[in-house]
Amino acid sequence: MIYVVTTRPEEHAFMPEERFAHLKRVFGDEIVRVFATRESDFSDIGEDDAVLIQTRDREVIDRLVATGAKTTAESRETVRLTHDKEDSKEILRKAGVLVPETVIEPYDGGVYFVKPMHGEDSNCIDNHSICRTREEIRRKVMEIEGVLGDNAIIEEFVEGRDCTVGLLMNPADGIPFCWPVILDYESEFGILTHELKFKEVDKSYPLMDEKLMAAARAAFLAVGAKRYMRIDFRLRPDGEYVLIDLNLYPCLGATDHLAGCAKECAGISYEDFIRNVIATASRN
């Protein structure tokens, strides 16, 4: 059996019903979705099963690993680094990956991007995320704190175009497959807002740039990822790629960016793509 394990609070971000339906069409009765709690003992999961982990809850993850089943679990450090948008920056810089500068003392007249420190699903990302005055920054910070209960991070705004790169570990050589695309969507500043994320109105085109692929692979390996990931970049006018987000648990539906990257860049069908994702599961 294949178990897709998430929690109720994380269902919408990681595995809502409509996306699980895509997996169900591929695997049929071989796959089941489980909503876990910290009291779950997972006694039904055995060593012959595979577990697609769709939660950041470490206690739940540790219990799943303890079953002896093959899982897509990542290390505590990988989960931490990909969740905290500030803590990951230093390790990414050491790997040679460009990241936006964090701004401690913004001034009126600069151009800044204000986002949640631990954001998911582009929550609280809209055109007001781009701020030019301290008052605009203050309002956005208060919104993030009030709506999400999260701290905000203030960064330099990176001019350019959005790119996203799908990565999937190749167990044969330990080098992740890399599928980069450039994105176009109807947004005033060319950013993926929360509203646009769920309209699926963007267009994407393969962008097989070795510089971008090298940066994506370097970031993937720097944070210790072992399974799959989607990484977002901005292509600056000077041709440099700046990493703006690490997505450790990107959505796995047939119409989502990760599967789309695999199809557009390598002609991989959704059925083959999701089977390859499950194949990254191993016993930790």
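The values are calculated or read from the model by the stated rules, or taken from the named source; none is laboratory data. Everything quoted here is computed from the prediction, not taken from an experiment. Backbone-built Cβ (ideal geometry, glycine too); neighbour counts: all protein chains shown. The area values use the complete protein model at the heavy-atom level, side chains included, leaving out ligands, DNA and RNA. Shrake-Rupley method; radii C 1.70, N 1.55, O 1.52, S 1.80 Å.
Here are a few things to note about the model shown:
- Calculated translational diffusion coefficient of the chain (4 °C, 1.567 mPa s; Stokes-Einstein with Kirkwood radius over alpha-carbon pairs) equals 66 µm²/s.
- Tilt relative to the chain, helix 17-27 - C-alpha long axis, 0 to 90 degrees, to 10: 40 degrees
- Taking 7 Å steps out from each Cα toward its Cβ at residue 283 and residue 102 produces label points 4.0 nm apart.
- Axis angle, to the nearest 10 degrees, between helix 257-266 and the longest C-alpha principal axis of the chain: 80 degrees.
- Which of 262, 109, 146, positive extreme of dipole for the chain (C-beta unit charges): 262
- Heavy atoms of residue 278: accessible area, 1.4 Å probe, square angstrom to 10: 20 Å²
- Ranked from largest to smallest solvent-accessible area, with a 1.4 Å probe on the protein heavy atoms, 205, 3 come out as 205, 3.
- Distance between modelled label sites at residue 208 and residue 221, nm, 7 Å Cα→Cβ extension: 2.1 nm
- Set 85/115; 85/263; 94/211; 203/226; 89/115 screened for pairs whose C-alpha atoms are more than 19 Å apart: 85/263; 203/226
- Dipole-positive endmost among 233, 282, 249 within the chain (Cβ charges, Cα centre): 282
- Amide hydrogen proximity for residue 153: with H placed 1.01 Å from N in the peptide plane, the residues at 5 or more positions away or on another chain lying under 5 Å are 115, 117.
- Computed over protein heavy atoms with a 1.4 Å probe, the carbon and sulfur contribution to the accessible area of the chain reaches 50%.
- Heavy atoms of residue 133 accessible to a 1.4 Å probe, total area in Å² rounded to 10: 50 Å²
- Between 184, 245, 173, the GNM of the chain built on Cα springs shorter than 10 angstrom shows 173 fluctuating the most.
- Only Lys, Arg, Asp and Glu carry charge here, each on its Cβ (+1 for the first two, -1 for the last two); on that basis the chain has a dipole of about 480 debye about its Cα centre.
- Label point 7 Å beyond Cα of residue 138 along Cβ direction - residues of the stretch 97-131 with amide nitrogen under 13 Å: 108
- Binning all Cα-Cα separations of the stretch 1-110 at 5 Å, short to long from zero, yields these whole-percent fractions: 2, 10, 18, 17, 15, 11, 9, 8, 5, 3, 2, 1.
- Solvent-accessible surface of the stretch 205-284, taken per residue with a 1.4 Å probe and all protein chains present: 40 Å².
- Per-residue SASA entry for residue 77, accessible area with 1.4 Å probe, Å² rounded to 10: 90 Å²
- For the stretch 119-171, accessible area per residue (1.4 Å probe, heavy atoms of protein chains only), Å²: 47 Å²
- The calculated FRET efficiency for the pair residue 172 and residue 1, based on their C-beta separation and a Förster distance of 25 Å, comes to about 0.45.
- Under a 5 Å amide H cut-off, with hydrogens placed 1.01 Å from N, residue 284 pairs with 71 among residues at least 5 apart or on other chains.
- Result for the chain in a Gaussian network model with C-alpha springs under 10 Å: among 242, 223, 34, the largest mean-square fluctuation is at 34.
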